[in-house]
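A short write-up of the structure that comes next.
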Amino acid sequence: MTTQAELKHKKLFLLDMDGTIYIDNTLFDKTLDFLDYIKSVGGKYIFITNNSSKSVNDYIDKLQRMSIDVDLTNFLTSSQATAVFLQEKYPNKKIYVLGTESLKTEFKNANIKVTDKYEEDIDLLVAGFDTELVYQKLYDACVLLLTKDVDFIATNPDLVCPTSFGSIPDCGSICRMLETATGRAPFYVGKPNPMMIDMAIKKSGFTKDETLVIGDRIYTDIASGLNAGVDAALVLSGETKLEDLKNFSQKPDFIFKDIGELLSVLLSSN
């Protein structure tokens, strides 16, 4: 078990965004100081998000507006991870995308054949966090799952996405609707699947021992870190509350009130 004092050896910080560093367009206090600390110790921060409604360029624009210093190397999204998965497992297949225009663009940029119209030659259904959802997409998805021999993939299992007023349905909730209607459940690419964590570590050059996953959800953020064999820190600034821990078999290595408290511990350890 890693102690708080040993946190000073961490160099790669894999951060969730929604509920971890901001809510909606409001940045949490001390977030910029925390990111400055990482740079000051020669580390790297990569934002690991299950939110597949936005492209990486969308996120770069959003975080830069919040005065966060980021570029393409600071992100790994479930959209990107799903694109890699599709390239490896389903090359040259036509894919029906139940998702946003940003998600479709992400796939197209990876030379993946996509459509959002029902066609006879569709090979695969991929669902994401679709903030542009219309009923026709659900209808088409049900037709595919019930009448065609297509695999069912989803970007992430999150049931809700946090907002300033509470929560809204995320990809996991959309997929539950489809599962209720068809009896078909998807394979989820995003967290808690360790794939994104492993991809981020590989491209960073740091080791697992130097890595810390930080997020506000046990069943996605924390589970992905533990499943990948790296330390995970839960922040209580988003979905998970302290009393929720009893409902999960996987426990975080660390628990902090928010990113500011983690920063205080890191500074006191140096």
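Identify, please: which residue in region 119-170 is in contact with a Pro (Cβ under 7 Å, 6 or more places away or on another chain) and touching a residue at least 60 places away in the same chain (Cβ under 8 Å) and is, among those, nearest to Ile95 (Cα to Cα)?
Ile153
Which numbered condition trips up Asn25, out of (1) more than 21 Å from Asp158 (Cβ to Cβ); (2) within 20 Å of the chain's Cα centre (by Cα)?
(1)
If you check Thr131 against the conditions, is it in contact with a strand residue (DSSP E or B) (Cβ under 9 Å, 6 or more places away or on another chain) and either buried (at least 16 other Cβ atoms within 10 Å of the Cβ) or of a type outside the set (A, V, I, L, M) (or both)?
Numbers: in contact with a strand residue (DSSP E or B) (Cβ under 9 Å, 6 or more places away or on another chain): yes; either buried (at least 16 other Cβ atoms within 10 Å of the Cβ) or of a type outside the set (A, V, I, L, M) (or both): yes.
So Thr131 passes the test.
Conditions: (1) more than 21 Å from Leu7 (Cα to Cα); (2) at pLDDT 95 or above. Gly229 meets all but one. Number of the miss?
With (1) more than 21 Å from Leu7 (Cα to Cα); (2) at pLDDT 95 or above applied to Gly229, the lone miss is (1).
Can you tell me how many residues within region 1-48 are surrounded by 15 or more Cβ atoms within 10 Å (Cβ to Cβ), touching a strand residue (DSSP E or B) at 6+ places or on another chain (Cβ under 9 Å) and of a type in the set (Lys, Arg)?
Of the residues in region 1-48, 3 are surrounded by 15 or more Cβ atoms within 10 Å (Cβ to Cβ), touching a strand residue (DSSP E or B) at 6+ places or on another chain (Cβ under 9 Å) and of a type in the set (Lys, Arg).
Give region 213-260 a look and list any residue that's open to solvent by 10 Å² or more (accessible area, probe 1.4 Å), in a helix (DSSP H, G or I) and aliphatic (A, V, I, L, M), or say none.
Result: Leu226, Leu242, Leu245.
What are the residues in region 139-160 that are in a helix (DSSP H, G or I) and open to solvent by less than 20 Å² (accessible area, probe 1.4 Å), if any?
Scanning region 139-160 gives Asp140, Ala141, Leu144, Leu145.
Is it the case that region 130-149 has a residue that's closer than 26 Å to Ile201 by Cα, modelled with pLDDT of 95 or more and either in contact with a helix residue (DSSP H, G or I) (Cβ under 8 Å, 6 or more places away or on another chain) or not β-branched (Val, Ile, Thr) (or both)?
The first filter runs over region 130-149 and keeps only residues closer than 26 Å to Ile201 by Cα, leaving none.
Checked region 130-149: no residue is closer than 26 Å to Ile201 by Cα, modelled with pLDDT of 95 or more and either in contact with a helix residue (DSSP H, G or I) (Cβ under 8 Å, 6 or more places away or on another chain) or not β-branched (Val, Ile, Thr) (or both).
Which residue is modelled with the lowest pLDDT, if the candidates are limited to region 1-31 and must be of a type outside the set (Val, Ile, Thr) and assigned to a helix (DSSP H, G or I)? Lay out the reasoning, then the answer.
Within region 1-31, the subset of a type outside the set (Val, Ile, Thr) is 1, 4-19, 22, 24-25, 27-30.
Imposing the further condition that a residue be assigned to a helix (DSSP H, G or I) reduces the set to 4-9.
Working: Gln4: 83, Ala5: 79, Glu6: 84, Leu7: 92, Lys8: 90, His9: 94.
The qualifying residue modelled with the lowest pLDDT is Ala5.
Could you tell me which numbered condition Ser173 fails, if it satisfies all but one of (1) at pLDDT 95 or above; (2) closer than 30 Å to Leu7 by Cα; (3) of a type in the set (Ser, Thr, Tyr)?
Single failed check for Ser173: (2).
Looking only at region 161-191, which residues are touching a strand residue (DSSP E or B) at 6+ places or on another chain (Cβ under 8 Å), open to solvent by less than 40 Å² (accessible area, probe 1.4 Å) and in a strand (DSSP E or B)?
Cys161, Pro162, Thr163
With the checklist (1) modelled with pLDDT under 95; (2) surrounded by fewer than 21 Cβ atoms within 10 Å (Cβ to Cβ) in hand, flag the one item Asn51 doesn't pass.
Evaluating Asn51 over (1) modelled with pLDDT under 95; (2) surrounded by fewer than 21 Cβ atoms within 10 Å (Cβ to Cβ) leaves (2) as the failure.
Taking Leu72 as the residue in question, decide whether it is surrounded by 20 or more Cβ atoms within 10 Å (Cβ to Cβ), under 20 Å from the mean Cα position of the chain (by Cα) and either in contact (Cβ under 8 Å) with a residue 40 or more places away in the chain or over 15 Å from Met17 (Cβ atoms) (or both).
In short, no.
Which condition from (1) without any contact (Cβ under 8 Å) to a residue 12 or more places away in the chain; (2) closer than 18 Å to Phe85 by Cβ is the one that Pro186 breaks?
If we test Pro186 against (1) without any contact (Cβ under 8 Å) to a residue 12 or more places away in the chain; (2) closer than 18 Å to Phe85 by Cβ, just (1) comes out false.
The values are calculated or read from the model by the stated rules, or taken from the named source; none is laboratory data. Keep in mind that this is a model prediction, so the values were computed, not measured. Note: ideal-geometry Cβ built from the backbone for every residue, glycine included; neighbour counts use all protein chains shown. With ligands, DNA and RNA removed, areas are computed over all heavy atoms of the protein, side chains included. Shrake-Rupley method; radii C 1.70, N 1.55, O 1.52, S 1.80 Å.
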